[in-house]
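Laboratory data are not the source of any read-out in this text; all were calculated from the coordinates shown. As the structure is a prediction and not an experimental result, all values here were calculated from the model. Note that each Cβ is placed from the backbone with ideal geometry, even for glycine, and that neighbours are counted across all protein chains shown.
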Amino acid sequence: MKIILQIFSGSFTEKPASFESILQKLEPILSRIRISTVIMGMSVERELYEKVRDYLFQRGIEFYLWLPVFAELDELKKGYPLVDYQGKDKGDYQLAEREDFTFYCPNHPQNVFNVLRVFEEHYSSIGFTGVFLDKIRYSSFANGLNGVLTCFCPFCQIKYREANFDPKDLESSINTLRQKQSPFGAIAYHQGRYTFDDDRWNRFFHLKSQIITDAVTGICQFFKERNYKIGLDVFAPFGSHFVGQDIPALSAFADFVKPMMYRMTNAPAGLPFELDAILQESTSNEAQKQAFYKILGFNPDKHPFDLDFSVKELKDLVQNVNIPVYAGVEINRAQRIAEVTPPYIEETINAYSQADVKGFVLSWNLLNAPQENIEQIIKMFN
């Protein structure tokens, strides 16, 4: 069972975490349990990475760069945002943890080029074991309904025409969206994929996933040619379809995949947050919500989030990818965002262990994990 630690060292432009503060968290853990990998980003402070690299490599621990792909890079390179069906730039959401959820079109060649240039200019000579690709998706319902109804920029319009799909055909479907019996008229859900009663939605979300897969495949090939290992940060399966993530297809060039199975997180990628956002943005009454719960096989009365459903999501994913699945579990604590406690960690990890995952990514920021949560991890994996 592999255990991976994730460290947020600061945004691209702010003062990064100190080496001493990182060691203060790492040393008590590494002296008591085996850690296979540390993922760290997103600061561009070269000296910090070099110090952490040397410290980890002396202990036989892999070191991955945490690199956002279709968000956040605008602090370093000008990007081209998603365009919604009304022709407006869309995709902004600010989280208190200083993560920026402004998304950029994965089909715009400049946005893909920016990822590679940022890596070449700031990280390529540091000597990472691998790269951990984050934000490899469109915006979710956290950015509102219009954030999901993207992208309609000129480059995407070309892609749609090549696929004989006319975005104008979606207008009537959008206008009647809240009149459906379930979100988007979903009639079935199976292993991360929905079937909708309106085939226009089936085609639209399929095209979005193809665009993401094509873009990420090219980025993965860039890193593979340079002998980097690759990890992928992905949504829980029930939310992945809406953000353009066909996880089995994305995993073809990667070494592991980390589904963000955050049952306690009230922020983007958190399971309760994203489910609530789907329902808020695409339904208008309780009957529609209950219909969606039934389609998913989800029990809304279980808290903090249906654990049985979450385990099934993981089991299905493990069966559908050919690389290791490391479940992302939050261990940090943030007031009103992630009130994570030792009992929650114990319950979640014990349950997820039954899904045949190959390990865990302890997320999303070790530096904000209270000592009691760290002690719980050590107790479980010592």
Which aspartates and glutamates, on any chain, are close to Lys159 with Cα under 14 Å apart, when same-chain ones fewer than 8 places away are left out? Asp214
Show that you can apply the helix-only estimate: for the chain, add -39,500 (n - 2.57) for every DSSP H stretch of four or more residues, divide by all residues, and state [θ] at 222 nm to the nearest 500. -12000 deg cm²/dmol
Need one number: nm distance between label points at Asp356 and Glu120, each 7 Å from Cα along Cα→Cβ, rounded to one decimal. 4.2
Compute the helix-to-body angle for 109-122: its Cα long axis versus the longest principal axis of the chain, expressed 0 to 90° and rounded to tens. 10
Could you work out how far helix 342-352 tilts from the main Cα principal axis of the chain, as a 0 to 90 degree angle to the nearest 10? 70
Note down the relative contact order for the chain as a percent, whole number, built from C-alpha pairs under 8 angstrom at least six residues apart. 17
At R0 = 25 Å, FRET efficiency that the Cβ-Cβ distance of Glu347 and Glu286 yields, to 0.05: 0.30
By counting other Cβ atoms within 10 Å of each Cβ, how are Met380, Met1, Met264, Met40 ranked from fewest to most? Met1, Met380, Met264, Met40
Lysine-lysine proximity count for region 300-382, Cα under 22 Å, sequence distance 8 or more or distinct chains: 5
Cross-link table Lys224/Lys294; Lys51/Lys229; Lys25/Lys77, entries beyond 30 Å C-alpha to C-alpha: Lys224/Lys294; Lys25/Lys77
Given Cα pairs under 8 Å that are at least 6 residues apart, what percent is the relative contact order of region 137-288? 27
Relative contact order (percent) for region 1-139, with alpha-carbon contacts under 8 angstrom and 6 or more residues of separation? 26
